[in-house]
Number of protein chains: 2
Amino acid sequence: MTLPAPARIGMPIAEVDTPALLLDLDAFEHNLDTLDRTLAGRMVRIRPHAKSHKCPRIALIQMQRGAVGVCCQKVSEAEALVDGGVTDVMVSNEVVGAQKLSKLAALARRARISVLADHPDAVDALARAAHEAGVTLDVLVEVDVGAGRCGTAPGEPAAVLAAHIAGKPELRFRGIHAYQGGAQHLRTPEERKAAIRSAIDQVSATLAALQSRGLAADIVTGAGTGTYLLEAASGVYNEIQPGSYIFMDADYGRNLAADGQPMRTFQHSLFVLATVMSRPTPQRAVVDAGLKAHSVDSGNPLVADIPGATFVRASDEHGAIELASPDLLPLGSKLKLIPGHCDPTVNLYDWLVCVRNDVVEDIWPISARGAFY
Amino acid sequence: MTLPAPARIGMPIAEVDTPALLLDLDAFEHNLDTLDRTLAGRMVRIRPHAKSHKCPRIALIQMQRGAVGVCCQKVSEAEALVDGGVTDVMVSNEVVGAQKLSKLAALARRARISVLADHPDAVDALARAAHEAGVTLDVLVEVDVGAGRCGTAPGEPAAVLAAHIAGKPELRFRGIHAYQGGAQHLRTPEERKAAIRSAIDQVSATLAALQSRGLAADIVTGAGTGTYLLEAASGVYNEIQPGSYIFMDADYGRNLAADGQPMRTFQHSLFVLATVMSRPTPQRAVVDAGLKAHSVDSGNPLVADIPGATFVRASDEHGAIELASPDLLPLGSKLKLIPGHCDPTVNLYDWLVCVRNDVVEDIWPISARGAFY
């Protein structure tokens, strides 16, 4: 079920088959540099989120630059990363189900593995799986600091669960996971600051509750591309886990900076290369990249570098583009789309075609594509 | 990049790893029977759309029941189907680009292949590719009968392009493709009837224009799950290409019948099996199936068989479910989601886990998963 890559190394972009997922290496490296630069002097470890790229090659590049490891969301994703040489993976998610737990515990023999919990029954199951595999698992309590998804309530409930973990000989209580996912795409800096200020307060309350039980959180982790500077400056978070910063996407591009303009900290490095396969009217081009080539859950993709061309509608295999001028985008021309949402878009592709100066420089397998178990 | 299947034959559903794509075989067979039954006495060929299932096993079942072949949308998808034993594939789409054309022409040596065109330059390129491969390609003119996507205008413009095709020794003009995609999900029968009545008029005008040039359309093809009975009764369409009827999805389930109630012609046979991985509050369950496990472009999935459980929000790897009662969906329980939109959901999976009476009866590879070239 894996097709050959749509490109060969050395090929000009113009010859790459479409749809193809392109990584602009100059922009990607700019983004890696920018993360480091903006964190200079901050006492936080970086553990980027690999759910965005699902690519061991990128994880290793991030670790070569000082990341302590990576996060991912699924056990099978962690397996693909460890198979690709990654030595430290936090499954920043609850793991529930016998098969998954058995695989997770087995993986802990091959790499440093940590995982989250937000329920005592799940802790008991983790301990059983670790016992059966003869390993000790690092476990963090997930605390809901405003995202409203998983996690215990902050403060005492989190401390109660931490004590439950600490009481299991097969588990090590390592700290708390406090990711405010809902804050990442709040549009103004004021909204993001308010959300993270509240998260920090809840983290502090949780740390106090832990302390009153004699428990210490070695790791306080969270943060995403939209807010990581706030957590890094908080004095309570000591690990951050941005993921999308390496790619950016159209939706992150709508976050605003303090000057009211779109934030331009990171550059768009991820594109879907598409071909104009129909020019049915002077105002419409249709490209060969629809819902199976990019995810529209956070809005349509943007057309890169072609003012007057607007992506207006995706169907399964087609994208309709409205044109301000009939001379734009003739039949057969290629164009780059900036995906609306990078993570689920990357998950549609087996290969990342790495380009620089419009030439294919490398091709990286997206080894954890479809790894959702 | 292909993970092992999440199930084994003979396994009870309760043991299947999640997320998994389930096919309920009783409902699937009901749907196959229903299509045949509702078309009894109609003089139309059935060429189901394989873009929905991407699975040669299903294509062969459809052909064993009398389908003349299948449609698909991409050359690489056609390759996967032919590799799986399918002998007649219409690429019901324009094919533009040298690599794709060369593969399409090569495929015509191994199976009966037809393709669409809506532009004279594309016709010229098809002829060149056929010439280079030493094959003759069957080509249909795509006519826009209201969908507003690809296609020539009906009537004279379509006839002009047909004559262009007919003038190429390497191509055979076979007919017209007149799919009114925009009509499939119109909610009331009156709206669907009006849209298809208009499409039929435009097809008739096109056939008249062809006739005045001495050209005959052997094939007049179109229709989808929402409208196929109308095209089948039209007297002008002689081939229909429904796809989703085998699966249904939440969005098709919102189409209404003449009595104002949701249409129940076909049953939901396609489900995403998910596990409750977090129960953070009495009113919320979180499942392990988010944007990477089902497509929300046509709305959220529905929770099957559990009144009071409503899927309210998907993030990358999570689905949040609101519960009317705290006793519903305890941690670790499994549930079936009815995807919002079947086609892009199927494209996320490598395996279709076929179940009957809650036991895994077979596992079919989704061989054309990710085949978007």
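Let me understand the range B:194-270 better: what is its radius of gyration from the alpha carbons, and its Dmax, in angstrom?
15.2, 46
May I ask which residue of chain B has the beta-carbon nearest to the axis carrying chain B onto chain A, and at what distance in whole Å?
B:THR2, 3
Picking from B:ALA129, B:ALA324, B:ALA147, which is most flexible by a Gaussian network model of chain B using Cα springs under 10 Å?
Largest GNM mean-square fluctuation: B:ALA324.
Would you work out the Kirkwood radius for chain B? I mean one over the mean of 1/r across all pairs of different Cα atoms, in Å.
Answer for chain B: a Kirkwood hydrodynamic radius of 21.6 Å.
Once phi is turned into ³J(HN,Hα) by the Karplus curve 6.51 cos²θ - 1.76 cosθ + 1.60 with θ = phi - 60°, what whole-Hz value does each residue of the range A:122-127 show in order, with x for glycine and proline?
5, 5, 4, 5, 4, 5
Can you compute the charge dipole magnitude of chain A about its Cα centre, using +1 on each Lys and Arg Cβ and -1 on each Asp and Glu Cβ, nothing else charged? Give it in debye, rounded to the nearest 20.
Charge dipole of chain A: 420 debye, to the nearest 20.
Connecting C-alpha atoms closer than 10 Å in a GNM of chain B, tell me which of B:SER102, B:SER325, B:SER52 has the biggest fluctuation.
B:SER325
Hey, if you put +1 on the Cβ of every Lys and Arg and -1 on every Asp and Glu Cβ in the range B:231-373, which of B:SER295, B:ALA285, B:VAL346 ends up farthest toward the positive end of that dipole?
B:ALA285
Return the sequence-ordered ³J(HN,Hα) values of the range B:212-219 in whole Hz as given by the Karplus equation 6.51 cos²θ - 1.76 cosθ + 1.60 applied to θ = phi - 60°, using x for Gly and Pro.
Each residue's phi maps through the Karplus curve to give 5, 9, x, 10, 10, 9, 4, 10 Hz.
Can you give the mean number of other chain Cβ atoms that lie within 10 Å of the Cβ atoms in peptide B:149-155?
4
Quick check: the distance between the Cα centres of the range A:116-142 and the range B:211-230, to the nearest angstrom?
When both Cα centres are located, 61 Å separates them.
Using a 10 angstrom cutoff on alpha carbons, build the Gaussian network for chain A and name the most mobile of A:CYS150, A:CYS72, A:CYS342.
With Cα springs under 10 Å in chain A, the top fluctuation among A:CYS150, A:CYS72, A:CYS342 is at A:CYS150.
Just how large is the dipole of the range B:175-239 about the Cα centre, in debye to the nearest 20, putting +1 at every Lys and Arg Cβ and -1 at every Asp and Glu Cβ?
Result for the range B:175-239 is approximately 120 debye, rounded to the nearest 20.
Sum up the charges of everything whose Cβ sits under 12 Å from the Cβ of A:LEU302, counting Lys and Arg as +1 and Asp and Glu as -1, but leave A:LEU302 out.
That sum, taken over residues with Cβ under 12 Å, equals -1.
Quickly estimate the mean residue ellipticity at 222 nm for chain B, helices only: each DSSP H run with n ≥ 4 gives -39500 (n - 2.57), and the total goes over all residues, rounded to 500.
-8000 deg cm²/dmol
Defining the label point at 7 Å along Cα→Cβ, can you sort the distances from A:PRO4 to the same site in each other copy, shortest first, in nm?
Spacings between copies for this position, smallest first, are 3.0 nm.
Non-local amide H neighbours of B:THR152 (under 5 Å, H modeled in plane, Pro and chain starts lacking H): which ones?
For B:THR152, whose amide H was placed from the backbone, the distant partners under 5 Å are B:GLU142, B:VAL143, B:ASP144.
Enumerate the calculated ³J(HN,Hα) couplings along the range A:184-190 in order (Karplus 6.51 cos²θ - 1.76 cosθ + 1.60, θ = phi - 60°), each rounded to whole Hz, writing x wherever the residue is Gly or Pro.
After applying 6.51 cos²θ - 1.76 cosθ + 1.60, I find 4, 10, 4, 7, 9, x, 5 Hz.
I need the fraction of alpha carbon pairs in the protein assembly as shown separated by more than 42 Å, rounded to a whole percent.
30
At B:GLY134, with labels set 7 Å past Cα in the Cβ direction, how many nm apart are the copies from this one, shortest first?
Nearest first, the other copies' label points are 6.3 nm away.
Considering amide H positions built from the backbone, and no H for Pro or chain starts, which residues 5 or more places from A:VAL360, or on another chain, come under 5 Å of its amide H?
Result for A:VAL360 returns A:GLY10, A:MET11, A:ILE13.
Amide H of B:ARG45 versus every other amide H placed in the peptide plane: which residues, excluding those fewer than 5 positions away on the same chain, fall under 5 Å?
Residues meeting the amide H criterion: B:GLU239, B:ILE240.
Rounded to the nearest 20 debye, what is the charge dipole size of the protein assembly as shown about its Cα centre when +1 sits on each Lys and Arg Cβ and -1 on each Asp and Glu Cβ?
Charge dipole of the protein assembly as shown: 360 debye, to the nearest 20.
Would you calculate the separation in nanometres between label points at B:THR188 and B:ALA216, each defined as 7 Å from the Cα along the Cα-to-beta-carbon direction?
4.2
Averaged across the residues of B:282-294, what count of C-beta atoms belonging to other chains lies within 10 Å of each residue's C-beta?
4
How many partner chain Cβ atoms sit within 10 Å of a residue's Cβ in peptide B:332-339, on average, as a whole number?
1
Along Cα→Cβ at 7 Å, what distances in nm separate the A:ASP327 label point from those on the other copies, shortest first?
In nanometres, ordered from closest: 7.2.
Hey, what does the equivalent ellipsoid look like for the range B:1-99, semi-axes from the Cα gyration tensor as sqrt of 5 times each eigenvalue, largest first, whole Å?
Each semi-axis is √(5λ); the values are 27, 22, 10 Å.
Hey, how many Å between the Cα centroid of the range B:8-25 and the Cα centroid of the range B:345-373?
What the calculation gives is 10 Å, centre to centre.
Go through B:LYS100/B:LYS336; A:LYS336/B:LYS336; A:LYS74/A:LYS193; A:LYS74/A:LYS168; A:LYS54/A:LYS292; A:LYS51/A:LYS100 and tell me which ones have a Cα-Cα distance over 27 Å in this structure.
Pairs exceeding 27 Å: B:LYS100/B:LYS336; A:LYS336/B:LYS336; A:LYS74/A:LYS193.
Taking all protein chains as present, what is the carbon and sulfur share of the accessible area of chain A, in % to the nearest whole number, probe 1.4 Å?
52
The values are calculated or read from the model by the stated rules, or taken from the named source; none is laboratory data. Here the structure is a predicted model, which means the values were calculated and not measured. Cβ coordinates were reconstructed from backbone atoms using ideal geometry, including for glycine residues, and neighbour counts include every protein chain displayed. For the accessible areas, the whole protein counts, side chains as well, though only heavy atoms, and no ligand, DNA or RNA atoms are used. Shrake-Rupley method; radii C 1.70, N 1.55, O 1.52, S 1.80 Å.
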